[in-house]
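Read the structure below first, then the notes.
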């Protein structure tokens, strides 16, 4: 029972700290200590240490003995790599989807529901906004009916969320741009215009994430 309880506490700390990173409540470059997190989560340091090790293994933080954990910032190159991967995966999925009337119709309906939900989110609920934003793009890749690619894209989803949160916190007007871009992407899928989708997605990702010119 003690082992089970410790694992449960570790999972809870892991989930809470990762969410703080993804929503930029803990910023990239910030140093946090086991003691701070243990106090916040009302647990001992052991589950915090276990959670930190998991987060380090996933690339979210670096551990420094007797100093704490440094939250790894998103570099321009990291952002470019995520954007490039998303462009390839989403473009591939849309080409597969638009080859069939039924698949196109199902995806369009799914994206409409997502967009309706997205538009209703309060402007200050950035965490939920970025989560629903990521779901829009995940639905596109899932519709491509390739489980391996969908699984890989899901791994990008958390990095996607973190980047979107950073962008919206930097400039709240970006939230409205995202909604407008998503509406455009939906229309292009409905028209079965895969080339137009590719071009619009590239503009969308570059603008939202403010990539330097040489990385676009």
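Coordinate-derived values only; no laboratory data. Since the structure is predicted, the reported quantities are computational estimates derived from the model, not experimental observations. Heads up, the Cβs are rebuilt from the backbone with ideal geometry, glycines too, and the neighbour counts pull from every protein chain shown.
Observations, loosely collected:
- Sorted by Cβ neighbour density within 10 Å, fewest at the top, the residues 181, 145: 145, 181
- Sorting 14, 64 from the fewest to the most surrounding beta carbons within 10 angstrom yields 64, 14.
- When semi-axes √(5λ) of the Cα gyration tensor in Å is computed from the coordinates, the matching label among (1) 31, 21, 13; (2) 32, 22, 18; (3) 35, 19, 16 is (3).
- Per-residue Cβ neighbour counts within 10 Å put 66, 18 in the sequence 66, 18, beginning with the fewest.
- Rough spin-label spacing in nm, given labels placed 7 Å along Cα→Cβ, for residue 67 and residue 139: 4.4
- Pairwise label distance in nanometres, residue 187 with residue 117, each label 7 Å out on the Cα-Cβ vector: 2.4
- Rounded FRET efficiency, nearest 0.05, which uses the C-beta distance separating residue 101 from residue 158 and R0 of 25 Å: 0.15
- Only helical runs count toward this figure. For the chain, summing -39,500 (n - 2.57) over DSSP H runs of n ≥ 4 and dividing by all residues gives -24500 deg cm²/dmol at 222 nm.
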